[in-house]
1. Test PHE202 against the criterion of being surrounded by fewer than 18 Cβ atoms within 10 Å (Cβ to Cβ) and either without any contact (Cβ under 8 Å) to a residue 40 or more places away in the chain or on the phi < 0 side of the Ramachandran plot (or both), and give yes or no.
2. Is it true that some residue in segment 320-331 is in a helix (DSSP H, G or I), under 27 Å from LEU254 (Cα atoms) and touching a residue at least 12 places away in the same chain (Cβ under 8 Å)?
3. Quick one: in segment 24-48, of everything that is modelled with pLDDT under 90 and part of a loop (DSSP other than H, G, I, E, B), which residue is nearest to GLY107 (Cα to Cα)?
4. Scan segment 183-217 residue by residue and report those that are small (Gly, Ala, Ser) and out of contact with any Phe, Trp or Tyr (no Cβ under 9 Å at 6 or more places or on another chain).
5. I need every pair where a residue in segment 352-373 that is of a type in the set (Ser, Thr, Tyr) has its Cβ under 6 Å from the Cβ of a residue that is surrounded by 16 or more Cβ atoms within 10 Å (Cβ to Cβ) and in a strand (DSSP E or B), sequence separation at least 6 or different chains.
6. Return yes when GLU97 is free of Cβ contacts under 8 Å to residues at least 12 places away in the same chain and closer than 30 Å to GLY369 by Cβ and no when it is not.
7. With respect to ALA39, is the statement that it is small (Gly, Ala, Ser), farther than 30 Å from PHE336 by Cβ and in contact (Cβ under 8 Å) with a residue 12 or more places away in the chain true?
8. Counting residues that are of a type in the set (A, V, I, L, M, F, W, C), in contact with a helix residue (DSSP H, G or I) (Cβ under 6 Å, 6 or more places away or on another chain) and under 21 Å from ILE170 (Cα atoms), which helices (runs of 4 or more DSSP H) fully inside segment 237-314 reach at least 3?
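The values are calculated or read from the model by the stated rules, or taken from the named source; none is laboratory data. Since the model is a prediction, treat every value here as computed from it, not as a measurement. Here Cβ is always computed from backbone atoms with ideal geometry, including for glycine, and neighbour counts include all displayed protein chains.
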Amino acid sequence: MAENRPLYLGPRLRRLRRELGLTQQAMADDLEISPSYVALIERNQRPVTADMLLRLARTYRLDIAEIAGDDGTDYARRLTEVLRDPIFADIDLPALEVADLATSFPGVSEALLRLHQAYTREAQALAEQRAAGPMADENEPVREAQRFLAGARNYFHALDSRAEDLAAEIDKAGGATDWLAEQGVRVRFLPPDVLVDSLRRFDRHNQQLLIADTLDAASRAFQIATHIAHTALRAEIKQAIRADSFSSRTTATLLLRALAGYAAAAIVMPYGRFARAADQRGYDIDALCALFGASFEQVAHRLTTLQRPREERVGFFFIRVDEAGNVSKRLDGAGFPFAAHGGGCPLWSVHQVFRRPGEIVTQWLELPGGERFFSIARTVTGGATGYGGPRVLRAVALACAAEQAERLVYARGVDPAAAPSTPIGVTCRLCQRAECTARSVPPIGRDVLADDYRRAAQPYTFAES
């Protein structure tokens, strides 16, 4: 019976089309079918026939086994994760029924996954709105830019591939400064007062790239690479954001800046070499810093981007916060849930490393739904290097799924299933852990009990229903 079961490949075909940079019309033309038929297949409303499999394989030079792999296993895994949500805790959901649903009804499975994702986002948005108050829309461009980057899992194939080619050209020329000289641009290092407190400025009239001489070597290299990204890769950067419409020009400007930084990192740490080095060194951030002449934050940031199709590495979530808990950067390549507003969980070590500056702190984390992650956190400094200059102390953290932690030097030899973990929440308003003594506010949907006759150790006690 399994051989005669209809083959539904909707999500997989949609991912393939997007990886190839094709519209539904373009794919339909390639396969000599109608665009509406492509749409039906992508929505799992039509199965993929043997003839269509052959067309796909022949047209895009793909292995049939790679195209037709069993999505049921992936759906079953994702559904199992979703059904761990505390909202389903009182429902008996046998693993066999979940597997049957995933295998026999992929369209329903996809619908349930999307519905849960929408529910989660709405719950987070409600918590954030209540926490933000009347100024909730003030930073909307920032959140919109973050959503765009998260939607791409912080990986942009065309931009990353072109940056890798450009890095090879730069190496052949003898380095970024020599490569720029071949383009007629001279690099000069000058005091900040000459640059009017700028770190980088391009003098178009004299074709000079001016860099603050107070920057360390890693920051100098990154600023030079950022200029190259803004000039040599400008078309690729704009193409990456052209397909989307944004609520304001500010969002597009923020994304232009973010993708220039992305491209600069891809030039300094080209995908192939960096990914191989990450594997060989067990994702040892300090070792990668020394190999590529980059800073701790730059390497941590780059690790979140290793999502090239069929060359994926460990998926990481990245966050940068200041001592007041303000989030200044957030990138997600690991599917880590995080509320943009309302405060993160104080039990996560990223908020505690300020007491141990410069030291790497590791931690096993467990979310209310049972999802487990491994976290690496450390402080980083920014600002001028001269005496008396302004200095900014921040904390950065990387988190990956617990089952991938064994690939990291920081968790080597530790069984993820047996490692003691810290129970954390996305934010207090969404965390249902009644026993948490670090809670700042009660969660949405729970009534707080009076403490006329009893004062519990935790800040709030809740009614059972």
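1. Details: surrounded by fewer than 18 Cβ atoms within 10 Å (Cβ to Cβ): yes; either without any contact (Cβ under 8 Å) to a residue 40 or more places away in the chain or on the phi < 0 side of the Ramachandran plot (or both): yes.
Taking the combined requirement at face value, the residue satisfies it.
2. Narrowing segment 320-331 to residues in a helix (DSSP H, G or I): none.
Within segment 320-331, not a single residue is in a helix (DSSP H, G or I), under 27 Å from LEU254 (Cα atoms) and touching a residue at least 12 places away in the same chain (Cβ under 8 Å).
3. Result: ASN44.
4. First, pick out the residues of segment 183-217 that are small (Gly, Ala, Ser): 184, 198, 212, 217.
Selection gives GLY184, SER198, ALA217.
5. Correct list of pairs: THR362/ILE376.
6. On the way: free of Cβ contacts under 8 Å to residues at least 12 places away in the same chain: yes; closer than 30 Å to GLY369 by Cβ: yes.
Spelling it out, GLU97 is indeed free of Cβ contacts under 8 Å to residues at least 12 places away in the same chain and closer than 30 Å to GLY369 by Cβ.
7. On the way: small (Gly, Ala, Ser): yes; farther than 30 Å from PHE336 by Cβ: yes; in contact (Cβ under 8 Å) with a residue 12 or more places away in the chain: yes.
Here the answer is yes, as ALA39 does meet what is asked.
8. Numbers: elements: 249-268, 271-280, 285-292, 296-303.
In segment 237-314, 249-268, 285-292 are the helices (runs of 4 or more DSSP H) which contain 3 or more residues that are of a type in the set (A, V, I, L, M, F, W, C), in contact with a helix residue (DSSP H, G or I) (Cβ under 6 Å, 6 or more places away or on another chain) and under 21 Å from ILE170 (Cα atoms).
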